[in-house]
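Okay, so here's the structure we're looking at.
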Amino acid sequence: MFDWLIVGAGFSGSVLAERLARGSGKRVLLIDKRRHIGGNAYDHYNDDGLLVHAYGPHIFHTSSKEVFDYLSQFTAWRPYQHRVLASVDGQLVPIPINLDTINRLYNLRLTSFELEAFFAERAEKVERVRTSEDAIVSKVGRELYEKFFRSYTRKQWGLDPSELDASVTAPIPVRTSRDDRYFTDTYQSMPLHGYTRMFERMLDHPNIKIMLGVDFREVERDIPHDRVIYTGPVDAYFDFCYGKLPYRSLEFRFETKSVEVFQPAPVVNHPNEHPYTRVTEFKYLTGQEHPKTSLVYEYPRAEGDPCYPIPRPENVELYRKYEALAAATPNVHFVGRLATYRYYNMDQVVAQALTLHAKLTGLPAAPTAR
Ligand code: FAD
Ligand code: UDP
């Protein structure tokens, strides 16, 4: 008899398994339909011995001390500041757009102060910023929007930026400084021995049993349990009774090159050419030393594993109907990126899981000792 059946061994399911077992002494069965733990953050060594992320590049960054301290119990870290170049007009220039981006693109020598005026001259007046198009054109104008955002977003989401919430492009700021970091969070680092190793340590507890390669539906009736935590897609849990929630998917093409370094930055974005959106070279992220190097190309797809909830008003409305059903389902708790249909990063999912644990147990959200 298990106290908890947890569906999904990604960040949300694994944090809750750890907290309920180690923090509250509960007996937990953690299942996943995939044959590995870690969910979308799963990494592994490929045939050449290079550490790669199976579901696309995952860079850890957070401003939450609580989340960082919590995960630090299970991993040492490698400090890592992420940087991205975009291939635009035949050049590789920094994205987020900054002072160097503009000076190189237009062959100028503007100062930060002059760049502010440059943007102000081009920015379009938008009464209420609602969509991703509004968000960008109101900051930098239409030309830069078209060079950096319009085609990339259409490729990535299969929708025009005017059809997507402003939140989609919100993580990408526009800067007048030379700061070329992709993120500015307080804590930016990668798990020293990879994500999977971190998950293994998190789940290494006698009260946690793990079953892989099984779907919830196959076992829910056979395994005695009190309560359920579900981290899969919420529409699937309810047999799509209100229709399918739209998700964007990705296909990943991995390539190993017989050179030590392939490209000049961890990620190169291709807004305007190629069917893929970006190319990541893993060694920058992992710090691994190796005579070869491994890359992943991301091809956006309409079908496939659900990767991205699509933030637009009609989808949020449909999700609200599932959310109401979820709230009325006794003894089942929905958490994570797919179960709450939110375009969340890893740290946000960890915070959501820690908050749920605090709510379930009445214990403080911040764990203290192992
Ligand atoms: P998941 O990791 O998706 O885990 C859910 C698990 O549930 C899956 O393993 C699935 O197999 C399992 N499951 C579903 N249904 C069932 C079922 N019926 N029965 C059994 N098991 C089931 N975040 C960052 O912070 N930084 C990044 O750089 C970053 N990059 C990303 C890049 C890409 C391409 C993508 C798609 C996401 C990225 N993210 C990033 C987001 C990050 O992947 C998520 O925030 C995080 O993985 C969500 O964890 P989760 O536990 O909610 O879901
Ligand atoms: N984006 C863009 N051009 C870029 C980078 C990002 O248009 O060069 C837009 C695109 O819509 C993307 C969103 O900004 O989906 C968020 O970018 P991010 O790199 O955070 O995407 P993620 O890592 O979540 O796929």
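The values are calculated or read from the model by the stated rules, or taken from the named source; none is laboratory data. Remember, it's a predicted structure, so these values are computed and weren't measured experimentally. Positions of Cβ are generated from backbone atoms using ideal geometry, with glycine treated the same way; all protein chains shown enter the neighbour counts.
Against the definition (closer than 30 Å to Phe148 by Cα, under 18 Å from the mean Cα position of the chain (by Cα), at pLDDT 95 or above and away from ligand 1 (no atom under 13 Å from the Cβ)), how does Glu281 come out, yes or no? Explain how you work it out, then say what you get.
Details: closer than 30 Å to Phe148 by Cα: yes; under 18 Å from the mean Cα position of the chain (by Cα): yes; at pLDDT 95 or above: yes; away from ligand 1 (no atom under 13 Å from the Cβ): yes.
The answer is yes for Glu281.
Could you tell me whether Glu163 is of a type in the set (Asp, Glu) and either over 30 Å from Glu314 (Cα atoms) or surrounded by 20 or more Cβ atoms within 10 Å (Cβ to Cβ) (or both)? Spell out the reasoning first.
Values: of a type in the set (Asp, Glu): yes; either over 30 Å from Glu314 (Cα atoms) or surrounded by 20 or more Cβ atoms within 10 Å (Cβ to Cβ) (or both): no.
Here the answer is no, as Glu163 does not meet what is asked.
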State whether the residues of region 206-228 include one that is under 30 Å from Pro161 (Cβ atoms), at pLDDT 95 or above and either in contact with a helix residue (DSSP H, G or I) (Cβ under 6 Å, 6 or more places away or on another chain) or of a type in the set (Lys, Arg) (or both). no
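Every residue, every condition in (1) near ligand 1 (Cβ under 8 Å from one of its atoms); (2) touching a His at 6+ places or on another chain (Cβ under 8 Å); (3) within 20 Å of Gln73 (Cα to Cα), yes or no:
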{"site": "Ile6", "(1), (2), (3)": "no, no, no"}
{"site": "Gly13", "(1), (2), (3)": "yes, no, yes"}
{"site": "Glu18", "(1), (2), (3)": "no, yes, yes"}
{"site": "Gly25", "(1), (2), (3)": "no, no, yes"}
{"site": "Ile31", "(1), (2), (3)": "yes, no, no"}
{"site": "Arg34", "(1), (2), (3)": "yes, no, no"}
{"site": "Ala41", "(1), (2), (3)": "yes, yes, yes"}
{"site": "Asp47", "(1), (2), (3)": "no, no, no"}
Residue tally, condition closer than 14 Å to Ser14 by Cβ, assigned to a loop (DSSP other than H, G, I, E, B) and within 24 Å of the chain's Cα centre (by Cα), over region 186-215: 1
Residue set Pro300, Pro330; condition within 24 Å of Ala170 (Cβ to Cβ) and out of contact with any Cys (no Cβ under 7 Å at 6 or more places or on another chain); output residue Pro300
For the structure I just gave you, tell me whether His333 is touching a strand residue (DSSP E or B) at 6+ places or on another chain (Cβ under 7 Å), modelled with pLDDT of 95 or more and either assigned to a strand (DSSP E or B) or on the phi > 0 side of the Ramachandran plot (or both). yes
For residues in region 132-169 being closer than 20 Å to Pro300 by Cβ and of a type in the set (Ser, Thr, Tyr), which is farthest from ligand 2 (Cβ to nearest atom)? Ser162
Unmet criterion (only one of (1) away from ligand 2 (no atom under 15 Å from the Cβ); (2) surrounded by 18 or more Cβ atoms within 10 Å (Cβ to Cβ); (3) at pLDDT 95 or above) for Pro367: (3)
Mind listing just one residue for me: the one in region 166-179 that is away from ligand 1 (no atom under 15 Å from the Cβ) and within 20 Å of the chain's Cα centre (by Cα) and, of those, surrounded by the fewest Cβ atoms within 10 Å (Cβ to Cβ)? Pro173
Might you check whether a residue that is in contact with a Leu (Cβ under 6 Å, 6 or more places away or on another chain), of a type in the set (A, V, I, L, M) and in the same structural domain as Pro161 (by TED's automatic domain parsing) occurs anywhere in region 120-141? no
What residue, among those in region 191-242 that are farther than 27 Å from Tyr322 by Cβ and of a type in the set (S, T, N, Q), is nearest to ligand 1 (Cβ to nearest atom)? Thr196
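For region 283-300, does any single residue satisfy the condition of being among the acidic types (Asp, Glu) and within 13 Å of ligand 2 (Cβ to nearest atom)?
If we filter region 283-300 for residues that are among the acidic types (Asp, Glu), which is where we start, we get 289, 298.
In the following step, the residues that additionally are within 13 Å of ligand 2 (Cβ to nearest atom) were identified as 298.
Within region 283-300, one or more residues are among the acidic types (Asp, Glu) and within 13 Å of ligand 2 (Cβ to nearest atom).
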Phe183 vs. criteria within 16 Å of ligand 2 (Cβ to nearest atom) and assigned to a loop (DSSP other than H, G, I, E, B): yes
